Amino acid sequence: MQSYQRLGLIEREEISRGLCKGDSLGRIANRLGRSKSSLSREISRNVDDREKYRAANGQARAIAKRIVRKRKLETHPKLREYVFAKLALRWSPEQIAQTLRKEFPRDKSMQISHEAIYTYLYVLPRGELKKTLVDYLRQERPARHVRTGLKEKRGIIPEMISIEERPAEVADRSVPGHWEGDLILGKGHQSALGTLVERTTRWVFLVPLKGKDAKSVRKAFAKAIMRMPKFLRKSMTYDQGKEMAEHRLFTKDTKVKVFFAHPGSPWERGTNENTNGLIRQFFPKGTDFNKVSVREIRWAEKLLNGRPRKTLDFQKPEEVIGALLR
């Protein structure tokens, strides 16, 4: 007979998400391979109203009950200082843990799992330190709902080249120099920040914009991408936003061919979509980009390119692109 295993953070997150979506306990239990009674006990131990259940709180209480020894970050000040410094740079606990293994391969006192970092943060007593550190963590965004029956209202961009005509080397990321572009809109959609990300190296350009009109976006994007050598300027994939209406002039100025994704298909620009989520750590929704200085934008860009990425085997974009430029 298999012994009982305690609920973990991932399972608690699934419970929380399921309850938010209105799923029954039975349905959630089936997905997790757990009994309905186990989930019911977990919820009742933590809240009196199941709609208020949150994974982080449940995990923290469970850990606090069973951990009595001091945690590693409490007894190793050098390690704690390193972890706090990287959290301040918006590194995730997993990025920190993997980089520690690379930088201190033989020093076990300078190694820690990402689970242990999360545990330390969640069981800290309430106060300014906990608030600051937890605020550094990447916040999970609500699940997106697939919208159906919506008509494309942005109009047709003249002489668009479909993503279906894009070379195969772009899709498989075998050759660097292919970019994805987008705008992050500011407060009331009255301002915006341009984003460019290279698909192979994940190098990011944050592009300050004087306006959201096609001419302003074309000039700003061209100025940014021309900072790269010719072999890293091959193509750009964009959605069908009207700000890219001057794509032919952009191509004439930069020799970078623009391909357009299908309407309502953000996964065709998945690298950019994911990167925009990372950028929101620095510029959350409601930011007025007219009040954000170029210096602040360059600082965020530097941190993004200097942060190890799981998809790069925990190398940093600046390291990967630096190897290409040598």
Can you name the residue in segment 182-210 that is assigned to a loop (DSSP other than H, G, I, E, B) and either of a type in the set (Lys, Arg) or over 15 Å from Thr287 (Cα atoms) (or both) and, of all such residues, is nearest to the chain's Cα centre (by Cα)?
-> Arg202
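Does Val83 satisfy being over 20 Å from Arg6 (Cβ atoms) and of a type outside the set (D, E, K, R)?
When the stated conditions are applied, Val83 passes them.
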Quick one: how many residues across segment 2-56 are part of a loop (DSSP other than H, G, I, E, B) and at negative phi?
-> 16
Residues in segment 103-114: is at least one within 24 Å of Leu303 (Cβ to Cβ), part of a helix (DSSP H, G or I) and of a type in the set (S, T, N, Q)?
-> no
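When you go through Lys130, Lys187 one by one, which is the residue that is charged (D, E, K, R), over 24 Å from Thr251 (Cβ atoms) and at pLDDT 90 or above?
Lys187
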Taking segment 72-113 as the search range and keeping residues that are of a type outside the set (Val, Ile, Thr) and touching a residue at least 60 places away in the same chain (Cβ under 8 Å), which one is farthest from Leu278 (Cα to Cα)?
-> Lys102
Segment 235-256: number of residues that are over 12 Å from Glu180 (Cβ atoms) and touching a His at 6+ places or on another chain (Cβ under 9 Å) | 1
Hits in segment 265-318 - residues which are within 13 Å of Leu89 (Cα to Cα), crowded, with 19+ Cβ neighbours inside 10 Å and polar (S, T, N, Q) | Asn305
For the subset of segment 76-129 comprising residues that are basic (Lys, Arg) and within 22 Å of the chain's Cα centre (by Cα), which member is nearest to Phe282 (Cα to Cα)?
-> Arg90
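Inside segment 231-326, counting only helices (runs of 4 or more DSSP H) that do not spill past its ends, which hold 1 or more residues that are basic (Lys, Arg)?
On the way: elements: 247-254, 270-279, 294-305, 317-325.
Here the list reads 247-254, 294-305.
Tally time: how many residues in segment 201-234 are of a type in the set (S, T, N, Q) and surrounded by fewer than 21 Cβ atoms within 10 Å (Cβ to Cβ)?
Here is the first cut: in segment 201-234, the residues of a type in the set (S, T, N, Q) are 201, 216.
Narrowing the set further to residues that are surrounded by fewer than 21 Cβ atoms within 10 Å (Cβ to Cβ) leaves 216.
Matching residues across segment 201-234 total 1.
The values are calculated or read from the model by the stated rules, or taken from the named source; none is laboratory data. Source: prediction; values computed, not measured. FYI the Cβ positions are ideal-geometry reconstructions off the backbone, even for glycines, and counts take in every protein chain you see.
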